[in-house]
1. If His465 satisfies all but one of (1) assigned to a strand (DSSP E or B); (2) open to solvent by less than 10 Å² (accessible area, probe 1.4 Å), what's the number of the condition it fails?
2. Those residues that are part of a strand (DSSP E or B) and either under 14 Å from the mean Cα position of the chain (by Cα) or aromatic (Phe, Trp, Tyr) (or both), I need them from the range 416-437; list them, please.
3. Report every pair of residues separated by at least 6 positions or lying on different chains whose Cβ atoms are under 6 Å apart, first residue within the range 152-174 and more than 20 Å from Val236 (Cβ to Cβ), second among the polar types (S, T, N, Q) and open to solvent by less than 30 Å² (accessible area, probe 1.4 Å).
4. Please determine whether any residue of the range 225-237 is within 24 Å of the chain's Cα centre (by Cα) and farther than 27 Å from Asn298 by Cα.
5. In the list Leu455, Leu413, Leu473, which residue meets the criterion of being surrounded by fewer than 24 Cβ atoms within 10 Å (Cβ to Cβ) and under 19 Å from the mean Cα position of the chain (by Cα)?
6. Could you list, in sequence order, all residues of the range 332-345 that are among the β-branched types (Val, Ile, Thr) and not in a loop (DSSP other than H, G, I, E, B)?
7. Among (1) more than 17 Å from the chain's Cα centre (by Cα); (2) surrounded by 22 or more Cβ atoms within 10 Å (Cβ to Cβ); (3) of a type in the set (Lys, Arg), there is one condition Arg255 misses while meeting the rest; what is its number?
8. Which residue pairs have Cβ atoms closer than 8 Å, lie 6 or more positions apart in sequence or on different chains, and pair a first residue in the range 386-406 that is modelled with pLDDT under 95 and assigned to a loop (DSSP other than H, G, I, E, B) with a second residue that is among the small types (Gly, Ala, Ser) and buried (at least 16 other Cβ atoms within 10 Å of the Cβ)?
Amino acid sequence: MQRRDFLKIAGVAAAGSTLVGQQTQSFLAPTGSQDVAKTDFTLQIGPVTVELAPNRILSTIGYNGTSPGPRLRMKEGIPVTVNVVNDTDVPEFVHFHGLLIPSDVDGSEEEGTPPVPPHGKRSYRFTPTPAGTRWYHTHTMSMDDLHRGSYTGMFGFLIIEGANNPGNYDQEHYLALRDWEPYFTNQFMDNDDLDASGPQPEKPAVKDTRPMGMEVASDIFSINDKALGAGEPIRVDRGQRVMFHFLNASAIENRHLALPGHKFNVIALDGNPVPTPAAVDVLMLGPGERIDAWVEMNQPGVWIMGAPEDMVREGGLGIVIEYANQRRTPQWTPPPKSSWDYTLFGKPPSTQAGPAEKLDMIFEKVPRGAGKFNQFTVNGKPYPHEQEFVLKQGTRYRLTFHNRTDDAHPLHLHRHQFEIAEIYGKATSGIIKDTVVVPTYGRASVDFTADQPGLTLFHCHIQSHMDYGFKALLRYS
């Protein structure tokens, strides 16, 4: 099925089911709302169907009969229990992404979290922190099975309320970017860099000309559970301030998002307030990243908020924004040329010397190094890196990523948060994240404090890269 044919099926202006998570609400849900913080949750893993469009219904695995799964809202510092019921034939893990919690409940096999057994149960008990937009998802390996791991529909938003309300908005929406029906190909067209003209200090002098192995691609996309045009539009009034919580729940690719005639006012990255809120035309989110941004609705009309790349937007990655009393065909115009730059949201770098303790990670791709698949190495070796990265508790580290591949990698460090110190050849400070996209042939440095004893998993958040070697375990001495 061609992308344009799929859009005809979806119908760009057609009405359909309301998007999951599209309810209007205040940032801190009012008393009596169904979306209030709780201390006890149940997630049931089992088969679900996702109606991307009236004539496009797919089957996958999800939580509580839906994909995305239910939005989990917790209060910072108040202990919670998440009861997981596994109705499938395989063991599963639920990872609570961006939380500072012990390794035995983090949801990672590598860290020693016990699995949820097939047709069994397991309870995760922890104290949620820090406040902000987090998420939860499966953390099983997929390897050559595209019906496992993050290729399935097992993901959902997790909101941790802090003591302070960060602001009141006229509307609030939780939107997860997704790809569906993945397939293997070695004809992979990489569109993960909006601007490839940045510095490439790690680019090799001689290009590797060996034939590339198989990686994963997709042609069908959605925001939450609906392709562009197949769900209800987001209806707004002129002058409203609308808060969007974006999540890239893709297993495959970094994504971009634009809304013609409007700017995104970014206030938080990965759920953490930025030192310098700034307005941008285009957002970029690597798999695992979140962006909290509000938009002032000041351009009446009917617009498509979607991927700037035609092939992705026409494949379904978009949603209609409809102003009151406007009845017309949804419009799309390309956004101004721009490049994504984390440092826009930072503050000047500290004049003090950085951490004395330094760690380096060099990433390389070995074409067909894992049979018909590409293999990824960290410092020349695939996982597990026994005793290579040993941390001293309480010590501040500078971790430098050297990306010697032709991909832009979303890199995630479990159970810790880090501060970007340098990226794109620019020094910065104050940007706190748990996932960062290191550009093609680029370099980035992040600082973190070793204050979460136990095994800690580091990996690329692209599923096939993690499956085939792109991960490492950090240990405490």
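The values are calculated or read from the model by the stated rules, or taken from the named source; none is laboratory data. Just so you know, these numbers come straight off a predicted model, no measurement behind them. Glycine gets a Cβ as well: all are built from the backbone with ideal geometry, and neighbour counts include every protein chain shown. Heads up: the accessible areas ignore ligands, DNA and RNA and are worked out on the full protein's heavy atoms, side chains in. Shrake-Rupley method; radii C 1.70, N 1.55, O 1.52, S 1.80 Å.
1. (1)
2. Phe418, Lys433, Thr435, Val436, Val437
3. Thr152/Thr60; Gly153/Thr60; Gly153/Ser67; Met154/Thr138
4. yes
5. Result of the check over Leu455, Leu413, Leu473: Leu413.
6. Thr343
7. Looking at each condition in turn, Arg255 falls short on (1).
8. Glu388/Ala472
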